[in-house]
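Participant: Structure below; questions to follow.
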């Protein structure tokens, strides 16, 4: 059994000379190189493209500047036509509301349970409650009462109990 020596192997590889390629292989390479070098007209088209782009920029920049100036003029004219809103007079002192009696009420109007199916086909139970919230403010010095009522619905999902 002989040992492999990488240094010796390298020396042997350096002494070897590669064989010359066959004439058929050289001809195939030449044909492929000619086929790849045919689109020589593409750089001419690419060279013309930036010139067209520069021509577009020559018109685009002044046109956009003109459009910006026109928009500025129109904005200034519309601002000049707007009538100024009169400032509210603060000379008259508005009396402030001093609520001496405040009532907050919450009343249950209805409650019920309902069952529906989810898109997956599973049944689901809900507890629904309808409430009426009421807030009442009274200012007995001014003889003023402000009352606001708001209906509210609460829907709460409930688990099914299994026995």
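Participant: Going through segment 115-134 one residue at a time, which ones are closer than 12 Å to residue 158 by Cα and surrounded by 11 or more Cβ atoms within 10 Å (Cβ to Cβ)?
Facilitator: 124, 125, 126, 127, 128
Participant: Is it the case that some residue within segment 87-108 is modelled with pLDDT under 80, within 41 Å of the chain's Cα centre (by Cα) and either surrounded by fewer than 10 Cβ atoms within 10 Å (Cβ to Cβ) or outside the structural domain of residue 152 (by TED's automatic domain parsing) (or both)? Talk me through it step by step, then tell me what you get.
Facilitator: First pass over segment 87-108, keeping only residues modelled with pLDDT under 80: 87-97.
From what's left, within 41 Å of the chain's Cα centre (by Cα): 87.
When the remaining residues are screened for being either surrounded by fewer than 10 Cβ atoms within 10 Å (Cβ to Cβ) or outside the structural domain of residue 152 (by TED's automatic domain parsing) (or both), the result is 87.
Yes, because at least one residue in segment 87-108 is modelled with pLDDT under 80, within 41 Å of the chain's Cα centre (by Cα) and either surrounded by fewer than 10 Cβ atoms within 10 Å (Cβ to Cβ) or outside the structural domain of residue 152 (by TED's automatic domain parsing) (or both).
Participant: Oh, and also: Filter segment 22-48 down to the residues that are modelled with pLDDT under 85 and surrounded by 10 or more Cβ atoms within 10 Å (Cβ to Cβ) and list them by number. Please lay out each step first, then the result.
Facilitator: First pass over segment 22-48, keeping only residues modelled with pLDDT under 85: 35-48.
48 - this is the single residue of segment 22-48 that is modelled with pLDDT under 85 and surrounded by 10 or more Cβ atoms within 10 Å (Cβ to Cβ).
The values are calculated or read from the model by the stated rules, or taken from the named source; none is laboratory data. The model shown is predicted, which means the values in this text are computed figures rather than measured ones. Using ideal geometry, Cβ is built from the backbone for each residue, glycine included, and neighbour counts are taken over all protein chains shown.
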